[in-house]
1. Name the one entry in 105, 76 that is within 30 Å of residue 22 (Cα to Cα) and modelled with pLDDT under 95.
2. Could you check residue 41 against (1) surrounded by 14 or more Cβ atoms within 10 Å (Cβ to Cβ); (2) closer than 24 Å to residue 129 by Cα and say which number it fails?
3. Can you list the helices (runs of 4 or more DSSP H) lying wholly within segment 27-131 that have 2 or more residues being out of contact with any helix residue (DSSP H, G or I) (no Cβ under 9 Å at 6 or more places or on another chain)?
4. Is segment 137-145 home to any residue that is without any contact (Cβ under 8 Å) to a residue 60 or more places away in the chain and outside any helix (DSSP H, G or I)?
5. Name the residue that is nearest to residue 120 (Cα to Cα), counting only residues in segment 60-72 that are surrounded by 12 or more Cβ atoms within 10 Å (Cβ to Cβ) and within 15 Å of the chain's Cα centre (by Cα).
């Protein structure tokens, strides 16, 4: 019985730590929302357009192409909505539709140089700040943080 108060204290302390993390996630989410609102305003586009550009940037950095179907699936919008979005982003000079490099019947969506510059002009300082914070942690700590964020992301969006 003498261990019970210690166990309860440890559980309570752990519960407080969990709550601290959940509150930090909420604050982080709010900060991301504000950053995206600033970017949407600065780039004069809606949330879906900005999400499409973010996907294209990330996939480009990994060296992979993006089809209109993949964009529709990622954004969870219809193919008709995707076509309208791509028409809008093409007309505004943000993307181009190009033939697929291996399947000439298919198309891929690529960023224009100007869109890439505009995206990093609006996001670059945020990215530099986040990188500066991340560089303060050891590789082992970053692995834990990365695993944690991936697992939380999977809980929130289990697709």
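1. Of the residues listed, the single one that is within 30 Å of residue 22 (Cα to Cα) and modelled with pLDDT under 95 is 76.
2. So residue 41 meets the others, but not (1).
3. 47-61, 79-91
4. Within segment 137-145, the subset without any contact (Cβ under 8 Å) to a residue 60 or more places away in the chain is 137-145.
Now narrow it down to the ones that are outside any helix (DSSP H, G or I): 137-138.
Yes - at least one qualifying residue is present in segment 137-145.
5. Filtering segment 60-72 for residues that are surrounded by 12 or more Cβ atoms within 10 Å (Cβ to Cβ) and within 15 Å of the chain's Cα centre (by Cα), the one nearest to residue 120 (Cα to Cα) comes out as 60.
The values are calculated or read from the model by the stated rules, or taken from the named source; none is laboratory data. Nothing here was measured: the structure is a model prediction, and the numbers come from that model. With ideal geometry, Cβ positions are generated from the backbone for all residues, glycine too; neighbour counts draw on all protein chains shown.
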